[in-house]
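Contents: one structure, followed by commentary.
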Amino acid sequence: VFDFNPIVMNRYSGLYAYGVGLLRGLGGLENRPEFVLFHSERFAKQVQSETEQAGGWAETAPTRLKMRWLEKFWYYSSFPTLQFFTGDFDIYHSSHHLMPPTKHKPRLLTVYDLRRYRLPHLYPGSKLHYFERAVRKADHFVAISQATKDDLCEFFDVPQERVDVVHLAANTECGPLRAQDKQRLKTELSQRHGVT
């Protein structure tokens, strides 16, 4: 189960690029996993659009409850478990900081950076308690860089072996340019900037 709500809520962000890229990348695998997208029902049309663009292979598990309400409830309670909304699954992957209770299933948290901890003076008034709870509850972590892993281990005393570094990938549509496209781009840039 993949927490897809923050992906569709942040359409023009790196979080969106990460989540949609993961959906499309896994969809391109020959032996792709079963994948359930957990999200608020209010984003159902957006989620449907994204799954269709990714080949329509992923299942969805919408909930009528507001995610903020659920997150606040789960902050203090371990009921209902995520399986109540999604059915059974093997692993839960949080793309932001929603860390629901599960019936003995591992929870994975992707951590992008810890700038609010490294540079707190730049982020006065940051509300970090949900993220901190997610870190406490997660069984394993994906850090997008070695620096993020180092920060996670330093600030939260997370053992090194519980964090895997998985660098962000380029869009699969990226690739080498043909020679004529390279020349055309060089010419356009030269003209635009007055360089010969």
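For the chain, take N as its residue count and report Rg(C-alpha) divided by 2.2 N^0.38 Å.
1.20
In whole Hz and in residue order, list the ³J(HN,Hα) couplings for region 140-145 that follow from phi through the Karplus curve 6.51 cos²θ - 1.76 cosθ + 1.60, θ = phi - 60°; x for Gly and Pro.
After applying 6.51 cos²θ - 1.76 cosθ + 1.60, I find 8, 9, 10, 10, 7, 7 Hz.
Considering Cα pairs under 8 angstrom that are at least six residues apart, work out the relative contact order of region 51-196 and quote it in whole percent. Show your work: numbers first, answer last.
Values: 142 pairs, mean separation 23.6, N = 146.
Relative contact order comes out at 16 percent.
Expressed as a whole percentage, what fraction of the accessible surface of the chain belongs to carbon and sulfur atoms when a 1.4 Å probe is rolled over the protein heavy atoms?
On the way: 6510 of 12410 Å².
That fraction is 53 percent.
Set the Förster radius R0 to 25 Å, insert the Cβ-Cβ distance between Leu128 and Asp90 as r into 1/(1 + (r/R0)^6), and round the FRET efficiency to 0.05.
Working: r = 29 Å, r/R0 = 1.17.
E(calc), rounded to 0.05, equals 0.30.
What FRET efficiency comes out for the pair His121/Asn10, r = Cβ-Cβ distance, R0 = 25 Å, nearest 0.05? Let's see the in-between values first.
On the way: r = 25 Å, r/R0 = 0.99.
Once the sixth-power term is evaluated, E becomes 0.50.
Among 82-92, 157-167, 106-116, how do they line up by average Cβ neighbours within 10 Å per residue, starting with the highest?
Result, highest mean first: 106-116, 82-92, 157-167.
Rounded to the nearest whole Å², what accessible area per residue is found for region 1-153 with the 1.4 Å probe?
Numbers: 8460 Å² over 153 residues.
For region 1-153, the per-residue accessible area is 55 Å².
Can you list residues whose amide H is under 5 Å from Ala61's amide H, if they're 5+ apart or on another chain and H is modeled 1.01 Å from N?
When sequence neighbours closer than 5 places are left aside, the close amide H contacts are Leu37, Phe38, His39.
Counting Lys and Arg as +1 and Asp and Glu as -1, what is the net charge of the other residues whose Cβ lies under 9 Å from the Cβ of Phe141?
Overall, the nearby charge balance is 0.
What is the gain in length, in nm to one decimal, between Tyr76 and Phe155 on full extension, counting 0.36 nm per residue of separation less the C-alpha to C-alpha distance?
So the extension gain works out to 26.1 nm.
With 24 Å as the limit, write out which pairs from Lys45/Lys137; Lys66/Lys149; Lys72/Lys103; Lys127/Lys149; Lys66/Lys127 have Cα-Cα distances beyond it, or answer none.
Values: Lys45/Lys137 31 Å; Lys66/Lys149 31 Å; Lys72/Lys103 19 Å; Lys127/Lys149 21 Å; Lys66/Lys127 19 Å.
Where the Cα-Cα span goes over 24 Å, the pairs concerned are Lys45/Lys137; Lys66/Lys149.
The values are calculated or read from the model by the stated rules, or taken from the named source; none is laboratory data. No experiment lies behind these values; they were computed from the predicted model shown. Heads up, the Cβs are rebuilt from the backbone with ideal geometry, glycines too, and the neighbour counts pull from every protein chain shown. Surface accessibility is based on the protein's heavy atoms, side chains included, excluding ligands, DNA and RNA. Shrake-Rupley method; radii C 1.70, N 1.55, O 1.52, S 1.80 Å.
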